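The values are calculated or read from the model by the stated rules, or taken from the named source; none is laboratory data. This structure is a prediction, so every number in the text was calculated from the model and none was measured. All accessible areas refer to the heavy atoms of the entire protein, side chains included, with ligands and DNA or RNA removed. Shrake-Rupley method; radii C 1.70, N 1.55, O 1.52, S 1.80 Å.
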Amino acid sequence: MNSYEFVTSPEVAAALKAGKPVVALESTIISHGLPRPSNLEVAREVEDIVRKHGATPATIAILDGKVCIGLTDDQLVAIANRDDIAKASSRDLAIIAATGKSAATTVAATAHLAVLAGIHIFATGGLGGVHRGANESFDESADLTALSDLDITVVCAGVKSILDVGATLERLETLAIGLLGYKTTHFPGFYLTDSGYTIEHQVDSAAEIAAIIGARKSLKTDVHALIVANPVAKEMDRTRHDAILKSGLDAAAKSGIVGKAVTPFLLEHFHTASEGESLKVNIEIIKSNSALAADIAVAVAK
Ligand code: PSU
Ligand code: MN
């Protein structure tokens, strides 16, 4: 017997039933990645962008033990403003749900729940990956292992520049996670359009991506995720970026920040130290990824 509820919103349920395009959106960005009050504005705007591009948005989170696929505006407000919203990765889902708690879901957890609900296209900002110094800390995001096991296409601006990008790319290869550059062969570094690493395969349209998704199905490689790396249009000032990254990593080490607190700490450090420049870029990233994800979902539904 289920001791919790799994609720697909009426809007999302209707779209799925009719075979209409749906895009999953994560909630950790809202509660732990962006500061108030822009987090709520962005959460709403991103849903509108998905709708304008012809798809239905399904923001995913757990509220008071209820697993929600698609949120009402009140629920978006709760995720953005409540202080008791945990950050849940896949391993936390059942615990949060069964104990009646609330959590925003990471890429790993969102992708898991999306697939469970029948959604296979997902937009986020930047994926988690292998952290710098992971050879000692073993800090590698569960995003990677989760995506190695899920049939989902994730649009992101590469992996966060706070990570060890080279090591993350090696892990993506090992885990058989597909990688496409959208209109580029340069692997984007989140705030930066080019992380310095190359992508083998470039695609130039949503239709091309939809064709690849179709081929994945027949070749049965759709048991692993596909990543579409979409560089932001205007990157952060590089010199500033590198200086802030360095001071952020130093501050995290000094304050003994570990585990799931690392990423929110570094993002917050960026937003404060860059006086909002990184925040602006982060918001652009999420918006443009959501638009592309919706275009892909529309192309797949055709
Ligand atoms: N992209 C953003 N902001 C974020 C994240 C992604 O623009 O806050 C979140 C995602 O939820 C991702 C998480 O899964 O950061 C990675 O956290 P960790 O490194 O602890 O796995
Ligand atoms: Mn981690």
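Any idea what diffusion coefficient region 194-258 gets from Stokes-Einstein, in µm²/s, Kirkwood Rh on alpha carbon pairs, 4 °C, 1.567 mPa s?
Stokes-Einstein gives a translational diffusion coefficient of 83 µm²/s.
Skipping prolines and chain starts, which residues have an amide H placed within reach, meaning under 5 Å, of the one on LEU71, given they are 5 or more residues away or on another chain?
Amide H neighbours of LEU71, under 5 Å, 5+ apart: THR59.
Between LEU127, LEU219, LEU147, where does the largest GNM mean-square fluctuation fall for the chain, given springs only between Cα atoms within less than 10 Å?
Top of the fluctuation ranking is LEU219.
Give me Rg over Rh for the chain, both radii from the alpha carbons and Rh done the Kirkwood way, two decimal places.
In the chain, Rg relative to Rh is 0.94.
Along each principal axis of its Cα atoms, how long is region 55-204 end to end? Whole angstroms, biggest number first, please.
Extents along the principal axes: 43, 40, 27 Å.
For the pairs LYS234/LYS287; LYS20/LYS302; LYS183/LYS217; LYS183/LYS220; LYS234/LYS280, flag any whose C-alpha to C-alpha distance is greater than 19 Å.
LYS183/LYS217; LYS183/LYS220
Over the Cα atoms of region 223-264, what is the Rg over Rh ratio if Rh follows Kirkwood?
1.14
Kyte-Doolittle mean at least -0.5 and Cα extent at least 27 Å along the axis: which DSSP H helices of the chain qualify?
Flagged H segments are 277-301.
Using a 1.4 angstrom probe on heavy atoms only, work out the carbon and sulfur share of the accessible area of region 1-76 in %.
Looking at region 1-76 in its full context, I get 52 percent from C and S.
Express the accessible area of the chain per residue in Å², computed with a 1.4 Å probe while the remaining protein chains stay in the model.
That works out to 44 Å² for each residue.
Dividing the alpha-carbon Rg of region 1-122 by 2.2 N^0.38 Å yields what?
Relative to the rule-of-thumb radius for its length, region 1-122 sits at 0.97.
Alpha carbons only, please: Rg and Dmax for region 163-302, in angstrom.
16.9, 52
Based on Cα coordinates alone, diagonalise the gyration tensor for region 18-86, multiply each eigenvalue by 5, take square roots, and list the semi-axes in whole Å, largest first.
So the equivalent ellipsoid measures 21, 14, 8 Å along its semi-axes.
Nearest 5 percent is fine: what portion of the DSSP beta bridges confined to region 2-98 is antiparallel?
Rounded to the nearest five, the antiparallel share is 35 percent.
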